[in-house]
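Worksheet: the structure to be examined is printed underneath.
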Amino acid sequence: MRIFLLAGLIIVTSCGGSVVSKKLAVADSLVITFNIPNSDSVIKTVSTTEGKAIQKFISLVDGKKGELYKCGYDGNMVFFSKGEIVLPVIFKYTEEGCCHFLFDMDNKVMSTEMTIEGAELLKSLVEGKEWY
């Protein structure tokens, strides 16, 4: 009996992915807006429908759980599916030690840590590089 319970637990926990990746699995486009740090003034907007790029950003947002920082924000990204918003995400990438993503998942505010790779990718996009 214990073997069946253990096998069932393993199957349930190994299937799928995180709540974030499951929610964003339907995303077919992404719009990223960069602001002047800690303001609402938009300095650049980047969008894509390229699956590889969208998956890259999903993997960045779906990172290790982080703290709910209070150090301002540099922009936001909005994942869409068939023209409908799936998940808006705000982010901070310009301040070392405070790089993170913040979003609402099922009426609960969540934060994930942004990797150095994520911060560098966002920096390259705001500087005009169009590769992922």
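The values are calculated or read from the model by the stated rules, or taken from the named source; none is laboratory data. Remember, it's a predicted structure, so these values are computed and weren't measured experimentally. Note that we place each Cβ from the backbone using ideal geometry, even for glycine, and neighbour counts take in every protein chain shown. Please note that ligands, DNA and RNA were not included when accessible areas were found on the heavy atoms of the full protein model with its side chains. Shrake-Rupley method; radii C 1.70, N 1.55, O 1.52, S 1.80 Å.
Odds and ends about this structure:
- Length added when fully stretched, ILE85-LYS65, from 0.36 nm per residue minus Cα-Cα: 4.9 nm
- Between helix 51-61 and the chain there is an angle of about 80 degrees, using the helix long axis and the longest principal axis of the Cα atoms.
- For the chain, the solvent-accessible area works out to 62 Å² per residue, with a probe of 1.4 Å and every protein chain left in place.
- The charge dipole of the chain, taken about its Cα centre with unit charges on the Cβ of Lys, Arg, Asp and Glu (plus for the first two, minus for the last two), comes to roughly 460 debye.
- Exposed trypsin sites (Lys or Arg not before Pro) absent: longest stretch of the chain, with sites in DSSP loops and at most 12 other Cβ within 10 Å deemed exposed: 1-63
- With a simple spin-label model that places each label point 7 Å from the Cα along the Cα-to-Cβ direction, the separation between LYS129 and SER41 comes to 2.6 nm.
- Based on DSSP H segments of at least four residues, each scored -39500 (n - 2.57), the chain has a per-residue ellipticity at 222 nm of -9000 deg cm²/dmol.
- Reported value for the chain: 135 Å³ per residue, from the convex hull of its C-alpha atoms.
- Between GLU113 and SER21, the simple spin-label model (points 7 angstrom out along Cα→Cβ) gives 1.8 nm.
- Cβ-based charge dipole, the range 17-66, positive-most Cα from SER21, VAL42, ALA53: SER21
- Projected label distance in nm at GLU96 and GLU120, using a 7 Å step from Cα toward the beta-carbon: 1.5 nm
- The HN-Hα couplings worked out from phi for the range 122-129 by the Karplus form 6.51 cos²θ - 1.76 cosθ + 1.60 (θ = phi - 60°) are 5, 4, 5, 5, 5, 7, x, 6 Hz, whole numbers, x standing for Gly and Pro.
- Selection from PHE80, LEU68, HIS100, by position along the positive dipole direction of the range 15-124 (Cβ): PHE80
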